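Following: one structure in structure tokens, then a few remarks.
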């Protein structure tokens, strides 16, 4: 029997690894070797017909689709084409979207049945029944795996060949200790089940030897169980110091030792702040202590650990003003990046059950975005969306971390207002050179204040860090000639000497228009001043 398990990724990236389908393929390899399983990678940019052709190329008798919010529409279109081309083909669905909206997925005529929840036990039952010629139900009863040690590893048995990927997804546990109303993660099974350390060590050895550069740890709260988290961090430092790891953590469980362990490896942390207003978070079954949050983030900051935050706008009980206050609070903690999302009222979540009583209006189909709340009318949601766009372009994509605080302090503007102004500024402008857009925007703001001298220094900071980042990210060695208003070597020397303000730099740094060549040497950006 030939089976195709298809993953439909957002785009090619180190995260585009079909771990879920590969887990099912590993189980079948072990328990039903007569099922010839192919794990197939597809992408949103591919037309549905092209995807269907790729699936049909191996002449499968059954096809499993791993459905999520972002790929539901395209996957169901693919399923319809597959059924039309090969009516006898057995088509089934799994994944978070199929689990959360089982009835909605089953309403698609091409889908024969759904495997809700964890699929390892269910795929064995379903394929066993198909091999035996038995009739299958349209939906199976969820069957969480009680002991994760019983599962084979697709990294250890060769199902996932990391030579085909630039990154990896790494599952260390299942379940979530929290019950956030907007999230589907913790519904269905209670408690946390952990991968045994023996397997963690074995998989880490494979990851370390694979040549990949990035690993994304899937645990929603990696540091909840401190002893195991610390043990894994020590293992990473010992065996995979060359790989960059991405973790989702909660601030409550950070301590000094953990901060130092994170600092001892290459990593980035993502922290789900969502809102800095406790009265808002309480409405979605969360809480927030700003003093504790700041003290735990200070441990990371002092240790030099890169971290970023998630923020959500449109939460029940929130408003545009409250969202801006949360964003400004987040930016005061100097994150490495800030990801801002509109609230999605996902099927199967408690928020979907209480949305009506909370006065939430939202889209009936994916991505289920909130359209209005009592405190967040549509026009305010649109403005919050503009702020989110400006934040991503100006701060995240614009490599603004090294200089943002200096510029914002000199402009005396809240971060939220600065981001909204930049979003308006770039409307209708091409973003081929984002650094140039940032520089011109900031020069205009300082010009409006009559502070052209500070604007010139700010422009130099933006130019240096923007183009230096571009060179470091380039796959090919390149040089760039950059114009400065001041000697960039002197500017950088003064920054390293204690972080003066822009106002102080105006008095200590003489104007000296010049050109400089930026280039990468020995893995670091260097520059050569060429004169005027």
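Every number here is computed from the coordinates shown, using simple stated rules; none is lab data. From a predicted model like this one, the values you see are computed outputs, not experimental measurements. FYI the Cβ positions are ideal-geometry reconstructions off the backbone, even for glycines, and counts take in every protein chain you see.
For the chain, give the share of DSSP beta bridges that are antiparallel, in percent and rounded to the nearest 5; count only bridges with both residues there. Present the calculation step by step, with values, prior to reporting the outcome.
Working: 18 of 62 bridges.
Bridges in the chain that DSSP calls antiparallel: roughly 30 percent.
Rounded to whole Å, give me the distance from the Cα center of region 5-74 to that of region 342-395.
30
For mean projected area of the Cα convex hull in nm², the choices are (1) 27.7; (2) 33.4; (3) 26.1; which was calculated from the structure?
(3)
Can you give the extra length, in nm with one decimal, that the chain gains between residue 508 and residue 328 once fully stretched, where that is 0.36 nm per residue apart less the Cα-Cα distance? Provide the component values of the computation, followed by the final result.
Working: separation 180, 0.36 × 180 = 64.80 nm, distance 3.02 nm.
Separation in residues times 0.36 nm, less the Cα-Cα distance, equals 61.8 nm.
If I model a spin label at residue 301 and residue 448 as a point 7 Å from the Cα along the Cα→Cβ vector, what separation in nanometres do I get?
2.8
Restricting to DSSP H runs of at least four residues, report the calculated mean residue ellipticity at 222 nm for the chain, -39500 (n - 2.57) per run over all residues, nearest 500 deg cm²/dmol. Working shown, then result.
On the way: 20 runs with 221 residues, N = 532.
Calculated at 222 nm, the ellipticity per residue is -12500 deg cm²/dmol.
Contour minus end-to-end for residue 361 and residue 436, with contour as 0.36 nm per residue of separation and end-to-end as the Cα-Cα distance? Intermediate values should be presented prior to the final figure.
Working: separation 75, 0.36 × 75 = 27.00 nm, distance 3.98 nm.
Roughly 23.0 nm would be gained on extension.
Taking Cα centroids, how far is region 81-145 from region 409-469 in Å?
Taking the Cα centre of region 409-469 as reference, the centre of region 81-145 is 52 Å away.
What's the exposure ranking of 323, 446, going from fewest to most Cβ atoms within 10 Å?
Values: 323 29, 446 21.
Fewest-to-most ranking of 323, 446: 446, 323.
I'd like the distance between the alpha-carbon centres of region 226-240 and region 247-289, rounded to an integer number of Å.
19
How far is helix 72-85 tilted, in degrees, relative to the longest principal axis of the Cα atoms in the chain, given as a value from 0 to 90 rounded to the nearest 10?
40
May I ask you to compute the full-extension gain from residue 237 to residue 478, defined as 0.36 nm times their residue separation minus their alpha-carbon distance, rounded to one decimal in nm?
Numbers: separation 241, 0.36 × 241 = 86.76 nm, distance 3.18 nm.
Using 0.36 nm per residue and subtracting the Cα-Cα distance, I get 83.6 nm.
Tell me whether region 426-531 comes out rounded, prolate or oblate; compute the Cα gyration tensor, take square roots of the eigenvalues as a ≥ b ≥ c, and use a/c under 1.5 as the rounded threshold. Spell out each step's value before the answer.
Values: a/c = 2.02, a/b = 1.16, b/c = 1.73.
Because a/c hits 1.5 or more and a/b fails to exceed b/c, region 426-531 counts as oblate.
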